[in-house]
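Chemist: Pasting a structure below so you can have a look.
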Amino acid sequence: MPYPDRPAYPDRFAYPDRFYPVVDSVAWVARLALLGVGTIQLRAKNLNDSEALQLVSDALAVISGTPAKLVVNDYWRAAIVAGAKHLHLGQEDLVDADLKAIRYAGLTLGLSTHDDAELETALRAKPDYVALGPIFPTTLKSMRFAPQGIAKITEWKKRVGNIPLVAIGGIKLEQASEIFAAGADSIAVVSDVTQNADPDARVRAWLQMFVQTA
């Protein structure tokens, strides 16, 4: 499904891209790929194995022929069977995941962290990136962790070293420069896109920021 009119945006980081939207449907994945987004996480909850496999397979189909990279949240078995290349796990998902099978399948692995103990757990798994959040308050899901704040990004980046650090949680485009200056390599965005009055324009604005700074 090629998109010949897709604008050419620079891929500043091979994986994950600097702008990293997180969405919950195949329709959103297709929409973002069409707009030129490089890394897209598909996060849909409470699916059984069959439903998860169908979702991941459909999402991979809609990005076929585009440069977009699909990151599957949680459903590592479906990701392996469907032939996905990228996976993201929360700390709860990590407990039950078969890391050997995930690595054998060639999947990259991103992990969520919220405190010191979770960071240590994540680093033992040798992830391809570490996500820190929530940076700011978020109403999208119930969080048992308080907002981390921008200063925590700098601290976390020193601790993870060369591992890419993804900041997530309540972040808007207007805060992106400050987040990157604090040490984040990538920003995961949810509501700033999916709840925006004009999502397409917002995505283009995010992407344009990197054109201007390339």
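Chemist: Once amide H atoms are built 1.01 Å from N in the peptide plane, which residues 5 or more positions from H88, or in another chain, come under 5 Å H to H?
Modeler: Answer set, sorted by chain and number: V72, N73, D74, G110.
Chemist: First measure r as the distance between the Cβ atoms of E178 and D93, then evaluate 1/(1 + (r/R0)^6) with R0 = 35 Å and state the FRET efficiency to the nearest 0.05.
Modeler: About 0.70, to the nearest 0.05.
Chemist: Please work out the ratio of the alpha-carbon Rg of the stretch 34-147 to 2.2 N^0.38 Å and round it to two decimals.
Modeler: 1.08
Chemist: Round to a whole number: what % of the accessible area of the chain belongs to carbon and sulfur, probe 1.4 Å?
Modeler: Ligands and nucleic acids excluded, carbon and sulfur reach 52 percent.
Chemist: Accessible area per residue for the stretch 55-151 in Å², computed with a 1.4 Å probe and the full protein assembly in place, what is it?
Modeler: 47 Å²
Chemist: For the chain, what does the relative contact order come out to in percent, with C-alpha contacts under 8 Å and a separation of six or more?
Modeler: Working: 371 pairs, mean separation 40.4, N = 214.
Answer for the chain is 19 percent.
Chemist: Taking each pair of different alpha-carbon atoms in the stretch 101-214 once, compute 1/r for the pair, average those values, and report the inverse of that mean as the Kirkwood hydrodynamic radius in Å to one decimal.
Modeler: Working: mean 1/r = 0.0667 Å⁻¹.
With all distinct Cα pairs of the stretch 101-214 included, I get 15.0 Å.
Chemist: If you don't mind, another one. Suppose every K and R has +1 on its Cβ and every D and E has -1 on its Cβ; what is the size of the dipole of the stretch 74-214 about the Cα centre, in Debye to the nearest 20?
Modeler: 280 debye
Chemist: What FRET efficiency comes out for N48 versus E120 if R0 is 30 angstrom and r is the Cβ-Cβ distance? Round to the nearest 0.05.
Modeler: Values: r = 32 Å, r/R0 = 1.08.
Plugging the Cβ-Cβ distance into 1/(1 + (r/R0)^6) gives 0.40.
Chemist: Using only DSSP helix segments of four residues or longer, with each worth -39500 (n - 2.57), what per-residue ellipticity at 222 nm results for the chain after dividing by its residue count and rounding to 500?
Modeler: Result for the chain: -11500 deg cm²/dmol, rounded to the nearest 500.
Chemist: Separate question: Lys and Arg at +1, Asp and Glu at -1: add these up for the other residues within a Cβ distance under 11 Å of T113 and post the number.
Modeler: Numbers: positive: K152, R159; negative: D115, D116, E118, E120.
Charge balance in the 11 Å sphere: -2.
Chemist: Continuing with this model, one more query. Straight-line reach from K157: which aspartates and glutamates have a Cα under 15 Å away, not including same-chain ones fewer than 8 places off?
Modeler: D115, D116, E118, E120, D128, E178, D185
Chemist: Which links in K85/K126; K126/K158; K45/K126; K85/K172 stretch past 19 Å when you go from one Cα to the other?
Modeler: K45/K126; K85/K172
The values are calculated or read from the model by the stated rules, or taken from the named source; none is laboratory data. Here the structure is a predicted model, which is why all the values come from computation and not from measurement. Here the Cβ is made from the backbone with ideal geometry for all residues, glycine too, and neighbour counts use every protein chain on show. Just so you know, the surface numbers come from the protein's heavy atoms only, side chains and all, with ligands and any DNA or RNA stripped out. Shrake-Rupley method; radii C 1.70, N 1.55, O 1.52, S 1.80 Å.
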